[in-house]
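To start, the structure under review is shown below, and the notes come after it.
A short reminder: the numbers here are calculations on the coordinates, not readings from a lab. This one's a predicted model, so the numbers in the text were calculated from it and none came from an experiment.
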């Protein structure tokens, strides 16, 4: 497990070198992240695919050389605008949901990630 000591937007600067040093196959990389394109509380698992403007995923793709890693996507909802400045403020701002709801979402995402690793359901 790696907890990058970078901002999410620069996560690739930690994950890429760690993957190389540990000789981990791309298919074994599992990333947990927020997802504004899912309603708050919804969680989905996906391998590969688009980055939907997520700068952290863009950094990871650049460092890993491919978007083919697996993701646990935790929905945080989308603001009612497409204005990039307002969307950025929303993503970087405080949750509108209660601390208990946010904590429950984080725990469910972590449980799903743990199951994926233990059962090797998605990760070969």
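Report the residue, chosen from 83, 37, 111, that carries the largest GNM mean-square fluctuation when the chain is represented by alpha-carbon nodes joined by springs under 10 Å.
83
With everything on Cα atoms, drop me the angle between helix 99-119 and the longest principal axis of the chain, reported from 0 to 90° to the nearest 10.
Result, in degrees: 20.
Picking from 97, 85, 35, which is most flexible by a Gaussian network model of the chain using Cα springs under 10 Å?
Comparing 97, 85, 35 in the GNM, the peak value goes to 85.
To the nearest 10 degrees, how steeply does helix 55-64 sit against the main Cα axis of the chain, on a 0 to 90 scale?
Here the helix axis deviates by roughly 10 degrees.
Once you've got the GNM for the chain with C-alpha springs shorter than 10 Å, pick whichever of 64, 38, 22 has the biggest mean-square fluctuation.
22
For residue 2 and residue 26 in one chain, what is 0.36 nm times their gap in residues minus the Cα-Cα distance, to one decimal in nm? If you can, show how the numbers build up before the last one.
Details: separation 24, 0.36 × 24 = 8.64 nm, distance 1.44 nm.
My answer for the length gained is 7.2 nm.
Take the alpha carbon atoms of the range 1-58, find their center, do the same for the range 80-121, and report the distance between the two centers in whole angstrom.
Value for the Cα centre distance between the two parts: 13 Å.
At a threshold of 8 angstrom on Cα-Cα distance, excluding pairs fewer than six apart, so keeping six or more, what relative contact order does the range 8-119 reach in percent?
Working: 147 pairs, mean separation 36.9, N = 112.
33 percent.
Using helices alone, I'd like the mean residue ellipticity at 222 nm for the chain: each DSSP H run of four-plus residues gives -39500 (n - 2.57), total over residue count, nearest 500.
Working: 4 runs with 51 residues, N = 124.
Per the formula, -13000 deg cm²/dmol.
With both bridge residues required to lie in the chain, what share of the DSSP beta bridges run antiparallel, to the nearest 5%?
Details: 5 of 11 bridges.
Here the share of antiparallel DSSP bridges comes out near 45 percent.
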